[in-house]
1. Just need a number here: residues in segment 43-95 that are of a type in the set (D, E, K, R), assigned to a helix (DSSP H, G or I) and within 39 Å of the chain's Cα centre (by Cα).
2. Criterion first (at pLDDT 85 or above, surrounded by fewer than 10 Cβ atoms within 10 Å (Cβ to Cβ) and outside any helix (DSSP H, G or I)) does Ala115 satisfy it?
3. Exactly one of these conditions fails for Leu8: (1) at pLDDT 95 or above; (2) surrounded by 10 or more Cβ atoms within 10 Å (Cβ to Cβ). Give me its number.
Amino acid sequence: MRPVLYVLSFLALIALGFWAYRENYATQAALKEVERLQRQISGLREALTVQRAEWAYLNRPDRLRQLATANFDRLGLMPMEPSQFGTAAQVAYPAAKLPEISFTTDIQGTIGSGAEGL
């Protein structure tokens with residue numbers, strides 16, 4: 001009986017060692033993947049920062065004014081006048097739609113009869 005118990009214990013020990021070995025490498029792979037993703041995220045954040053800086057640089061008011069002045073005739077732009085603007089009262093807002101009733105409810109009985117079923 002003891003030799004069988006020793007063999008089973010040895011096999012269980014080998015199985016647990018194999019499981020721990022696989023989990024160790026799976027954990028290391030997951031950590032490398034997380035590290036790769038974090039590097040990718042930081043690179044994308046840096047690229048986004050550069051793009052925001054470029055956008056701010058290209059949308060400087062003085063630069064846009066120079067472009068509009070240089071291309072005024074070619075674009076057919078009109079000078080801005082106060083009569084081109086409206087007031088908030090002139091804005092046509094859409095009417096609010098009420099939701100449609102998609103179910104029906106049947107109500108039976110009388111209200112206030114607290115002694116129902118007595």
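The values are calculated or read from the model by the stated rules, or taken from the named source; none is laboratory data. These numbers were taken from a predicted model, which means no experiment stands behind them. So basically every Cβ, Gly included, is an ideal-geometry build from the backbone, and we count neighbours across all protein chains shown.
1. We begin by selecting, within segment 43-95, every residue of a type in the set (D, E, K, R); these are 45-46, 52, 54, 60, 62-63, 65, 73-74, 81.
Filter once more, keeping what is assigned to a helix (DSSP H, G or I): 45-46, 52, 54, 62-63, 65, 73-74.
Subset that is within 39 Å of the chain's Cα centre (by Cα): 45-46, 52, 54, 62-63, 65.
Final tally of qualifying residues: 7.
2. On the way: at pLDDT 85 or above: no; surrounded by fewer than 10 Cβ atoms within 10 Å (Cβ to Cβ): yes; outside any helix (DSSP H, G or I): yes.
Criteria not met by Ala115.
3. (1)
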